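Q: Attaching a single structure in structure tokens format; questions to follow.
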Amino acid sequence: MSRTSARLYFAYGSNLWLQQMASRCPSSFYVGRAVLSDHYWQINERGFANVIPRSGSNVHGLVYRVNADDEASLDRCEGTRSGAYSKTYKSVILHLAMEGSRLPTWKIVEGGVDQTLREAERWLGPNDPREHQAYIQHNVLVYLSETYTRWGDPKQEYVDRMNHGIQDAIALRVPPDFYQYAVRPSIPAPRIRSRVTRLRHDNESSRNHESSRREHSSSEAPSRGRSRREIRREIRRESRDSRRDASPSPESWPAKARNYMLPRSSSYGAPRSRSYWW
């Protein structure tokens, strides 16, 4: 590929995060969202996202246009020379983004995803499509591993980057259900951790309040906040709810979630420490 030519690239992992993509590939251009059919999303034993073949399953992601320099940068970041990932070329179902939102990635980051979309919609008429009709796009670059296909656990820094990417992807109209049923069992949502952290902070505040009350007695009874026992009970309940939300009971899943789940009998192996899996 010449330095001036361009290629379409399908991102399904941490490169969903526009800020990371703009940093790695300064000349990249956001094109739209896409669906990779007959593949399944996983975290492999290296702790990173991967897609593996499975008939009837779909992987959702974002499509960028990259030049040769950007592609060389992706090769380095994805570890193609070391064999961490291989370069493949797939057909995807591409949904072109609406006019005004197909922009250089850095420009969307600079203006903010939500603000960019609001400005794009402001210039559209009431009958203008917010998204173009989908079509099959061939020869799209996809990085995947055919060597590392066993299930693993992600590192915390990768979880953080994935959560940024998921937030951007959902803002760009990737269906949230995909992340809820295919990705969340491996990538916990940040709001769960922040909620428990806030409760623990309340527990510390309550402990300090009780200590201060003992040291400073007065004729007027101080206002009583939540007791430490109540806060600890809520922390345990929130932690239990977090584990349940991260691995919900199959009875609570809609039928379409089956398209995202990998059967235990698959030769690619089953995820470890997962309570429920198809």
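Q: Would you point out the residue of region 91-128, among those that are in a strand (DSSP E or B) and among the β-branched types (V, I, T), that is surrounded by the most Cβ atoms within 10 Å (Cβ to Cβ)? Even if it seems obvious, please write down each step before you answer.
A: Step one: of region 91-128, the residues in a strand (DSSP E or B) are 91-97, 104.
Pick out the ones that are also among the β-branched types (V, I, T) and you get 92-93.
Numbers: V92: 25, I93: 15.
Across region 91-128, the extreme among qualifying residues is V92.
Q: Next question. Take Y158 and decide whether it is of a type outside the set (D, E, K, R), assigned to a loop (DSSP other than H, G, I, E, B), at pLDDT 60 or above and within 26 Å of E71 (Cα to Cα).
A: On the way: of a type outside the set (D, E, K, R): yes; assigned to a loop (DSSP other than H, G, I, E, B): no; at pLDDT 60 or above: yes; within 26 Å of E71 (Cα to Cα): yes.
So Y158 does not fit the description; no.
Q: So L8 ticks every box in (1) closer than 27 Å to G100 by Cβ; (2) in a loop (DSSP other than H, G, I, E, B) but one. Which box is left unticked?
A: Of the numbered conditions (1) closer than 27 Å to G100 by Cβ; (2) in a loop (DSSP other than H, G, I, E, B), the odd one out for L8 is (2).
Conditions tested, residue by residue: (1) without any contact (Cβ under 8 Å) to a residue 60 or more places away in the chain; (2) among the polar types (S, T, N, Q).
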| residue | (1), (2) |
| --- | --- |
| M21 | no, no |
| Y30 | no, no |
| E45 | no, no |
| G79 | yes, no |
| G83 | no, no |
| T88 | yes, yes |
| L96 | no, no |
| E110 | yes, no |
| V113 | no, no |
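Q: What's the number of the only condition in (1) out of contact with any strand residue (DSSP E or B) (no Cβ under 9 Å at 6 or more places or on another chain); (2) surrounded by 14 or more Cβ atoms within 10 Å (Cβ to Cβ); (3) farther than 17 Å from G13 by Cα that G47 fails to meet?
A: G47 satisfies every listed condition except (3).
Q: Please work out which one of (1) under 18 Å from R7 (Cα atoms); (2) in a loop (DSSP other than H, G, I, E, B); (3) in contact with a Lys or Arg (Cβ under 6 Å, 6 or more places away or on another chain) is the condition S27 fails and give its number.
A: Single failed check for S27: (3).
Q: Something else now. As an exercise: evaluate D70 against (1) under 15 Å from the mean Cα position of the chain (by Cα); (2) surrounded by 20 or more Cβ atoms within 10 Å (Cβ to Cβ); (3) outside any strand (DSSP E or B) and give the number of the one condition it does not meet.
A: D70 satisfies every listed condition except (1).
Q: While we're here: Of a type outside the set (S, T, N, Q) and farther than 20 Å from Q137 by Cα - does that describe any residue in region 61-69? Walk me through how you get there before you give the answer.
A: Looking only at region 61-69, we keep the residues that are of a type outside the set (S, T, N, Q), and these are 61-66, 68-69.
Then drop every residue that is not farther than 20 Å from Q137 by Cα, which leaves 69.
There is at least one residue in region 61-69 that is of a type outside the set (S, T, N, Q) and farther than 20 Å from Q137 by Cα.
Q: Okay, next question. Please work out which residue is surrounded by the most Cβ atoms within 10 Å (Cβ to Cβ), limiting yourself to region 168-196 and to residues that are closer than 20 Å to S23 by Cβ and in contact (Cβ under 8 Å) with a residue 60 or more places away in the chain.
A: Taking region 168-196 and keeping what is closer than 20 Å to S23 by Cβ, we get 168-169, 171-172.
Cutting the leftovers down to in contact (Cβ under 8 Å) with a residue 60 or more places away in the chain gives us 168-169, 172.
On the way: D168: 21, A169: 26, L172: 21.
Here the answer is A169.
Q: Here's a follow-up. Right, T88: loosely packed, with under 14 Cβ neighbours inside 10 Å, of a type in the set (S, T, N, Q) and within 13 Å of V142 (Cα to Cα) or not?
A: Values: loosely packed, with under 14 Cβ neighbours inside 10 Å: yes; of a type in the set (S, T, N, Q): yes; within 13 Å of V142 (Cα to Cα): yes.
In short, yes.
Q: To continue, here is another question. Considering only region 34-43, I want to know if a residue exists there that is in contact with a strand residue (DSSP E or B) (Cβ under 8 Å, 6 or more places away or on another chain) and assigned to a loop (DSSP other than H, G, I, E, B). Break it down into steps so the answer makes sense when it comes.
A: As a first pass, look at region 34-43 and keep what is in contact with a strand residue (DSSP E or B) (Cβ under 8 Å, 6 or more places away or on another chain): 34-43.
Right, trim to assigned to a loop (DSSP other than H, G, I, E, B) and you get none.
Scanning region 34-43 turns up no residue that is in contact with a strand residue (DSSP E or B) (Cβ under 8 Å, 6 or more places away or on another chain) and assigned to a loop (DSSP other than H, G, I, E, B).
Q: Filter region 50-67 for residues that are surrounded by 16 or more Cβ atoms within 10 Å (Cβ to Cβ) and among the small types (G, A, S) and give the result. Please lay out each step first, then the result.
A: Just the residues of region 50-67 that are surrounded by 16 or more Cβ atoms within 10 Å (Cβ to Cβ), to begin with: 50-52, 54, 57-67.
Residues satisfying the conditions are S57, G61.
Q: Separate question: Could you list all residues from region 1-29 that are modelled with pLDDT of 95 or more, touching a strand residue (DSSP E or B) at 6+ places or on another chain (Cβ under 6 Å) and not charged (D, E, K, R)? Spell out how you get there, then give the answer.
A: Of all residues in region 1-29, those modelled with pLDDT of 95 or more come to 7-29.
In the following step, the residues that additionally are touching a strand residue (DSSP E or B) at 6+ places or on another chain (Cβ under 6 Å) were identified as 7-13, 16, 25, 27-29.
Passing the criteria: L8, Y9, F10, A11, Y12, G13, L16, C25, S27, S28, F29.
Q: I need the full set of residues from region 18-44 which are charged (D, E, K, R) and crowded, with 21+ Cβ neighbours inside 10 Å, in order please.
A: Step one: filter region 18-44 for residues charged (D, E, K, R), giving 24, 33, 38.
Correct list: R33 only.
The values are calculated or read from the model by the stated rules, or taken from the named source; none is laboratory data. Predicted model only: the values in this text are computed from it and were never measured. Using ideal geometry, Cβ is built from the backbone for each residue, glycine included, and neighbour counts are taken over all protein chains shown.
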